[in-house]
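The structure appears right after this line, and notes come after that.
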Amino acid sequence: MRRANRRSSADGEGRAFSTPPRPGLSNTVMELRGVSKHYPGTPPVRALDEVTMSVAEGELVGIVGASGSGKSTLLNIIGTLDRPTSGQVLIEQTPVAELSDAGLAGLRSSRIGFVFQQFHLLEAATAVDNVATGLVYQGVRKGLRRSLAKEALEKVGLGHRLQHKPPKMSGGERQRVAIARAIVGDPAIVLADEPTGNLDSQTSAGIIDLLRRLNQDGSTIIIITHDPGLAASLPRRVTLTDGRVSDDNVSAPVVDEPASDKSPAWIRGTS
Ligand SMILES: Nc1ncnc2c1ncn2[C@@H]1O[C@H](COP(=O)(O)OP(=O)(O)O)[C@@H](O)[C@H]1O
Ligand SMILES: [Mg+2]
């Protein structure tokens, strides 16, 4: 399992915050219980309305729905960037409402990786430095931050762009840097809000392939998209309609993969 593969050198640095799943509980990495988010106004906006869902370790989930259906609000609440009006959010079985501000900041920086449509990179910093910033709040020393950043950039296919700065990179390369920054701390979950929204279709396909590969490698990933084709390629799709979960569909993704990758372990005889 992914957890057993964690780099011992990184753990040896003493991460400032870590919430391993409690023994005996399921491997649920994220759970929402009756989560609502209302914005005041006339009339008030029910951006989320009693959303209950969970995501298990190793899942690749698409959140789909029309513009304004509550997808970004949902992701911001899962990512603890925003608090619900009511209901509970649990990350690795920890109810986030019970954490102090410092505890919450620690959980967010060490257990959650973010990828946004607009990349949000530091324009004046190299790719390595952009990715290494993802580790600053975890108490990882500078030398190790840089070597882990390099490793993450190699993982996303940018081993040849380490010293490039974002203005010299294509959109697809910038999004790969952002993905490397999201995964460098080995988070429990990666949250991507319209990660291909600014990219052409071919570049988008490359980014989705990368996210799928990282998922096969053990990362738990939630991708928001309003692209039906992209959504259809994901193994689980949660549909939001007016702030409510109107569908939660687990099925074989519509992509061409080797059969051995699709069959469960008990069919392959490797369990
Ligand atoms: N800060 C805010 N204040 C008021 N209304 C908001 C705010 N953020 C989002 N909304 C409203 O909440 C609803 C859901 O928005 P959002 O989560 O951004 O949807 P999506 O990402 O699916 O397009 C929309 O009606 C939007 O206008
Ligand atoms: Mg949105």
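Bear in mind that the values in this text are calculations on the coordinates, not laboratory data. Everything numeric here is computed off the predicted structure, so don't read it as measured data. Here the Cβ is made from the backbone with ideal geometry for all residues, glycine too, and neighbour counts use every protein chain on show.
Below are the figures for this structure:
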| read-out | value |
| --- | --- |
| Segment ASP101-LEU144, length gained on full extension (0.36 nm per residue, minus Cα span) | 12.8 nm |
| Highest to lowest packing among 177-187, 44-54, 127-137, scored as the average C-beta count within 10 Å | 177-187, 127-137, 44-54 |
| The range 105-149 - percent relative contact order, Cα under 8 Å, separation 6 or more | 44 |
| Long-range HN-HN contacts of LEU240 with modeled amide H, under 5 Å | VAL64, GLY65, SER246 |
| Residues of type lysines that LYS150 reaches as a straight line, Cα spacing below 20 Å, ignoring anything fewer than 8 places off in the same chain | LYS142, LYS165, LYS168 |
